[in-house]
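Written out below as structure tokens is the structure these notes cover.
The values are calculated or read from the model by the stated rules, or taken from the named source; none is laboratory data. Here the structure is a predicted model, which is why all the values come from computation and not from measurement. Cβ sites come from the backbone with ideal geometry, for glycine too, and all protein chains shown count toward neighbours.
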Amino acid sequence: MSFAISIQHQDPSVNAIVESLEDNKAEDISVISLKGKAEFAEFMVVASGRSNKHVDSVSEKVFRDLKTKKMYCTKPEGRPLCDWTVIDAGHVLVHIFRNEIREVYDLEKLWSEDFSTVNSAS
């Protein structure tokens, strides 16, 4: 098992999310900048849970931790199945996956692409 080694970020919301994920034993935490790539958020935080129950538990804890800090966030989407949950924290989207599902969607690879070369339809 691999656990994240405290990721420090300039954005306080990202830091609060990463801290909560680490405290709740989420695995393989990564922060992806969406600046210049998307208008719906500035950052995406992706993490893994070991099982559906772990994904559910981590999602609920992140939600509660952000609410306790008076930070905007929505209730986790993706319940009760919990293969993949999403929390909208305003300018940060939090995705928590089971490992097998994370590998299928590979958001890190998708959002690491250079979007400046994509032609937009006129």
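Things worth noting here:
- Criterion: in contact with a helix residue (DSSP H, G or I) (Cβ under 7 Å, 6 or more places away or on another chain) and among the basic types (Lys, Arg) - qualifying residue of Lys53, Lys109, Lys67, Lys61: Lys61
Yes or no, residue by residue, for (1) modelled with pLDDT of 95 or more; (2) farther than 25 Å from Gln10 by Cβ; (3) in contact with a Ser or Thr (Cβ under 7 Å, 6 or more places away or on another chain); (4) β-branched (Val, Ile, Thr):
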| position | (1), (2), (3), (4) |
| --- | --- |
| Lys53 | yes, yes, no, no |
| Phe63 | yes, no, no, no |
| Tyr72 | no, no, no, no |
| Tyr105 | no, yes, no, no |
| Thr117 | no, yes, no, yes |
| Ser120 | no, yes, no, no |
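- Breaking point among (1) without any contact (Cβ under 8 Å) to a residue 24 or more places away in the chain; (2) in a loop (DSSP other than H, G, I, E, B), for Met71: (1)
- If only residues of segment 39-62 that are over 12 Å from the mean Cα position of the chain (by Cα) and either without any contact (Cβ under 8 Å) to a residue 12 or more places away in the chain or assigned to a helix (DSSP H, G or I) (or both) are counted, the one that is surrounded by the fewest Cβ atoms within 10 Å (Cβ to Cβ) is Glu39.
- Condition check for Arg102: of a type in the set (Lys, Arg) and without any contact (Cβ under 8 Å) to a residue 12 or more places away in the chain: no
- Identity of the residue in segment 13-26, in contact (Cβ under 8 Å) with a residue 40 or more places away in the chain and in contact with a strand residue (DSSP E or B) (Cβ under 8 Å, 6 or more places away or on another chain), that ends up farthest from Cys73 (Cα to Cα): Ala26
- In segment 13-34, residue nearest to Arg98 (Cα to Cα) [restricted to those that are part of a strand (DSSP E or B) and aliphatic (A, V, I, L, M)]: Ile29
- Subset tally (residues that are surrounded by fewer than 21 Cβ atoms within 10 Å (Cβ to Cβ) and closer than 18 Å to Pro12 by Cβ) for segment 74-100: 3
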